[in-house]
Every structure is written in structure tokens, then in C-alpha cells.
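One structure below.
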Amino acid sequence: MIRLEAVHHRMGQNWSYAYSSTVLHIRIRTAKHNVARIDLHCGDKFDATKYNETLVMTRFASDDLFDYWQAEVSPRFRRLVYYFALHGHDGELVYMLEKGFFHHPPAVWYEGLFDFPFLNETDVHTPPAWVKDAVFYQIFPERFANGDPSNDPEDVQPWGGKPTPTNFFGGDLQGIIDHLDHLSDLGITALYLNPVFTATTNHKYDTSDYMQVDPHFGTKEKLKELVDACHARGIRVLLDGVFNHCGHTFAPYQDVVAKGPESRYADWFYIREWPLQVKDGIPTYDTFSFEPIMPKLNTANPEVKAYLLGAARYWIEELGVDGWRLDVANEVDHQFWRDFRRTVKEVNPEAYLLGEIMHDSMPWLHGDQFDAVMNYPFTNFVLDFFARRLTTAAQFAQSINSQLANYPQQINEVGFNLLDSHDTVRLLTLCDGNVQLMKLAVLFQLTFQGTPCVYYGDEVGLDGEYDPDNRKCMEWDPAKQNQELYAFFRKMIALRRTHPALRESGLSFIAVPEQPQLLVYERWDAKDRFLFILNNSDEEVSVAIPAKPNVPWCTLDSETAAPVEQGTIPVTLAPYGYEILYAPADAAMAEVAAYSEAAE
Ligand code: CA
């Protein structure tokens, strides 16, 4: 019996959306292993004789409870009405319309069917094309390199000392300029800089002036020099914008502190009770968290909005910055972000807007606000499997599939896939210092769709517990850098940049139930196929991987064909070892793609 209570589809979001100006994706969910085939019947709403077609849907992902199916449709007149025909394993046939389930096809066209009214190009969510191919590197400017001792803060500590919440080491923009060779050599194509505007702290999330570069980091001219030098190398630059709150030294807030309710800036903030003070640990005004030095900005106030949008525009227009990473993005009103997007894209349509949101982010990803969000759910899936050892390969595959099904494809293509940051424990520390284990996590990150981001220093073996320990000074002494780890990052980034298959959506996990910690997955596009086998356990593993016999797999380094006997590939892997197999695939072979074999 088809379990109708598990069947889900509704118009919009991840269920029916425009992937491009001509292509719609239609998806439906069913109970896992419960439905044998689904046909999508569709046509023009005004006259089906002028356009109609029936498409067999592809099961593109499965998690622990459900199968997810997708069809790609190019409606001739950009309008589509549709319904589904669900085939059970025992010959049962059920039709799903907008108005319900039936055992017979619809008697009349249009009424009660699902409707995608019109594919309007301006409504298509289109992240900048460069983002999908970028490899990001995150820099915490105070700790990357001190290129100019003349701008050092007072009491600057010797480079490499122990970070505390309040100390300074003198890192600056000149230091980044001095080390661009390091980034180019690694294969980086985009930088994400933590805040660089004037502020009092070492992290600069308490903005004092949105129009000035912090003097400890340099000047506007120095930032321009950095941006130009990066662009000359094909590296984009993303700034961190803190628009949810300001710092307590922000002039309008200081005016409110001085004049109270009489200040002309009183409405720039959310004051719950005068005077401004902290009572029992709770500020009398809204802040970021309960942090008194970070008053929340009233972004609905037209003056506040004009000021912040002016700053957003200025750095893009005047300095050629390539976009914004937006701090605490989900606590700011949606209207502000819609205006923010219009403002920035008007200056540079290719500018990239990345929201910091740690949870399900669909409300911000309809194409009218952010291009992408920081993919912390991905981070946690990877850490739970590789670092924390809480899940099996099958559970990991289900989590990844579940997330892929939850978002439109163009969003998955640009998910900002980080494994650590200034806000988390460093990856190597989470892996208990096990470099081989860390490599497996990085290998998955760099071979998965979305935009990978390397947190500065991870590539040479920097470790660190939570803030402030995760913000150590970058290690520049080659003798103290882990050169073998660096070589691994460099090689994997190069592999990703060489093969679009590692950035596209072709993905299937291959189950090897007798080895619960063995992660096996294929990645492909029309040109290439890869098979990745990762041994996430502390024991040697010998196993036969199920494989299609007609694929000429070879090992990546040797280009020697791997033996394929009776449709299996024998593999022996050391503890935390991995194998990468490669097969040049023609378009026909890509057609056989294992979409339908996803995560059994
Ligand atoms: Ca300095």
C-alpha cells in the first residue's frame, strides 16, 4: 500500500521552483522504499493540447524516513499545471492533485491541479555564478600577519603568544597583502575577512564607525590596495558587515547615552526602559545576546536604514569589494535585507550576499535577500561523523541527503561549507589532533557541492579550543607548519578546481552495511566520474565496493585501472585511509548516473 500520509508536495520553496529562466524543478516526497515509480503529468493551464508532457521522476535522495523525487521541466509557455501519478510496488496507482488523492486521473484540466502560474525570470533565485566555483579562506585580521608595526595597538603582544579575549598581536591589512602568495599557492579564490571597521575589541564586532577602517588594521587606501592586489590574482574579497547591532562607541549610541530620551537618535535603538543600564545582567535596551557593548540597531527606522545601506553601498562601489558576509543575519528584519540586496546589486550585480544563519534558512533564500547562508548544519553533519564519531556512514549520508532535499538545487550549489571558524573549536582539535582524521573531513568538504571555506591556519595544522584559543596567531615558521597537511590541502583544492564534477550536483552514496564507518560516494558531471572511499575508523579495512562493471575506474595518481570483478572493486585501506578512483565519463555514461541508487 502506498502510505499517503507520508506523501508531500506543495507549490513553492524546495518543492516547485524555477532553477533557471527556462527550467522548473518539481519535487515530491514519499515514504522510504514505498513507491516504485512516479509520473509527473503536466501541461499548459489554458490549453493542454498546445503543450503537455509526462515525465518519469527521478528519486534523487533518501533519508531515514523518506524518498525524494524530482523532475526537470521546461514548460513551453512558461506556465505549468501538474499532478502526480504514484505507482506502488503491487500495481497500485494513486493520483495526487492539489485537491487531494484519487484513484482515477482528473476529469477536468486545471481545476484542482497544482499550478506554477508563470516562470518570471526576475523571480529566479540566481546567486552570482562565480560563487559556485570559489574556494574561500577566512582571515581573522588581528591574527593573520603583522605587516606594519607602526599601527600596532598599545600593549601589543609578541606574535605567537597566548590569545585572551582582550589582547592584541598587531595583525593588519599589510600583513595580508604580504602573504597573498601563500593564498595563491594554496589555490584560494576568495577571502572572507572578519570585520575591519573601527571598533574597540580585537574581533571588531562592536563597530564604532561603519565608514572607516580600524587604524590598527590600516587605512581605506590600504584596504583598497588589498582588494586590488587580490583582484589582480583572481581572488575576490568579502567583508563582514555587522548590521544587527553596533558597538557602544558608535556616535549615535553615545549621543543616546549622553542625552537619554531627548537624543535625536533615541529611536535608532530599542530602549525598553530608561535609563540605559544593566540590571541583574540584563540591559534595559535590546542588544546582541545580553552583551551591553553591542546595542541592537532599529533597522526599521528610515534614518538607520539609510545610514547602513549607505555604508553597504560605499564599500562595494568605492573600494570594489565583492560582497558582504552578514553577521547575526536572522535577527534583522526581512524588509531591511530586501532593500540591502537592491542597494548592493544595483552597484554590482555579481556581489555576493552571505547570511550568518545557523539553522534552516529557506525564508532568507527566495532570491530577494541572501545568495547563500553559512552552512552550519553541514558543518555539524561532518563533525558528528568524522570528528565526534557520533554517527555511521549511513546516518551521515541520510543527513546530507535530507539537507539537499530541503533546498532548491541552486542553493545547494552555493552553500557556504565551513568546518570551523572564529566561533567554533578548530577542526584539528575536534579531531583530537588526529591529522589523518582531519584530512578525511576536509576531503569530503572539498569534494562536495557548495562553497568550501578554509579557516586561516587549518592548512598548516593550527589547533585551538573555543574563543579565544581558536584565534591564535598564524604560524609562519615553515619548520613549525605541518607541510604534509599543507600539501594535502593544496592537492585537494587543485583537484576541486580542475574538475567541475566536484562542484556540481551529481552525488550518490554507496552503502556498505558491513562497514558502518566506511563512507563511499560517487560524484559526477557529464565529463568525469569520481569514486571516493573513506575509512573513518582506526582499523584497517578490506572490502569489496559494489560498482558498475562498465566504468573504467583508475586510481587518481597512477591512472592504472582498478580491477573490477563481478561488479565489485576490492579495496584495502589503512586506518583513516582513503582512496580516490577516477573515470572519464562520456555524456551517455553520466545518463546512467546513480541518482536512483541513492543511499539505500
Ligand atoms: Ca600592525
* From Val196, Val242, residue being within 30 Å of Leu446 (Cβ to Cβ), in contact (Cβ under 8 Å) with a residue 40 or more places away in the chain, surrounded by 17 or more Cβ atoms within 10 Å (Cβ to Cβ) and away from the ligand (no atom under 16 Å from the Cβ) -> Val242
* **Scope region 199-227; condition more than 16 Å from the ligand (Cβ to nearest atom) and touching a Gly at 6+ places or on another chain (Cβ under 7 Å); matching residues** => Thr200, Asp206, Thr207, Ser208, Val227
* So which residues in region 359-373 are of a type in the set (D, E, K, R) and either in contact (Cβ under 8 Å) with a residue 60 or more places away in the chain or outside any loop (DSSP other than H, G, I, E, B) (or both), if there are any at all? -> Asp371
* What do you reckon, is Asp360 among the charged types (D, E, K, R), within 30 Å of Leu518 (Cβ to Cβ), at pLDDT 95 or above and surrounded by fewer than 21 Cβ atoms within 10 Å (Cβ to Cβ)? -> no
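Let's see how each residue does on (1) within 16 Å of the ligand (Cβ to nearest atom); (2) surrounded by 12 or more Cβ atoms within 10 Å (Cβ to Cβ); (3) touching a residue at least 12 places away in the same chain (Cβ under 8 Å):
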residue: Val81; (1), (2), (3): no, yes, yes
residue: Leu86; (1), (2), (3): no, yes, yes
residue: Phe118; (1), (2), (3): no, yes, yes
residue: Asp123; (1), (2), (3): no, yes, yes
residue: Asn146; (1), (2), (3): yes, yes, yes
residue: Pro149; (1), (2), (3): yes, no, yes
* For region 389-443, which residues satisfy the criterion of being in a helix (DSSP H, G or I), polar (S, T, N, Q) and farther than 25 Å from Leu191 by Cα? -> Gln395, Gln398, Ser399, Asn401, Ser402, Gln403, Asn406, Gln436
* Of all residues in region 327-358, count the ones that are assigned to a helix (DSSP H, G or I) and either over 19 Å from Phe288 (Cα atoms) or touching a helix residue (DSSP H, G or I) at 6+ places or on another chain (Cβ under 8 Å) (or both). => 16
* Asked: Looking at Val373, Val332, which one is surrounded by 20 or more Cβ atoms within 10 Å (Cβ to Cβ), touching a Gly at 6+ places or on another chain (Cβ under 7 Å) and on the phi < 0 side of the Ramachandran plot?
  -> Val373
* Asked: How many residues are more than 25 Å from Gly12 (Cβ to Cβ) and part of a loop (DSSP other than H, G, I, E, B) when one looks only at region 374-388?
  -> 1
* Structure fact -> When region 125-144 is checked residue by residue, the ones that are away from the ligand (no atom under 16 Å from the Cβ) and of a type outside the set (S, T, N, Q) are His125, Pro127, Pro128, Ala129, Trp130, Val131, Lys132, Asp133, Ala134, Val135, Phe136, Tyr137
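For every residue, the table says whether it meets (1) within 14 Å of the ligand (Cβ to nearest atom); (2) part of a loop (DSSP other than H, G, I, E, B); (3) within 27 Å of Phe288 (Cα to Cα).
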position	(1), (2), (3)
Glu154	yes, yes, no
Gly160	no, yes, no
Thr164	no, yes, yes
Ile177	yes, no, no
Cys230	no, no, no
* To do: Those residues that are hydrophobic (A, V, I, L, M, F, W, C) and assigned to a strand (DSSP E or B), I need them from region 543-580; list them, please.
  => Val543, Ala544, Ile545, Cys554, Ala561, Ile569, Val571, Leu573, Ile580
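The values are calculated or read from the model by the stated rules, or taken from the named source; none is laboratory data. Note that this is a predicted model, so its numbers are computed, not measured. All Cβ positions, even for glycine, are placed from backbone atoms using ideal geometry, and neighbour counts span all protein chains on display.
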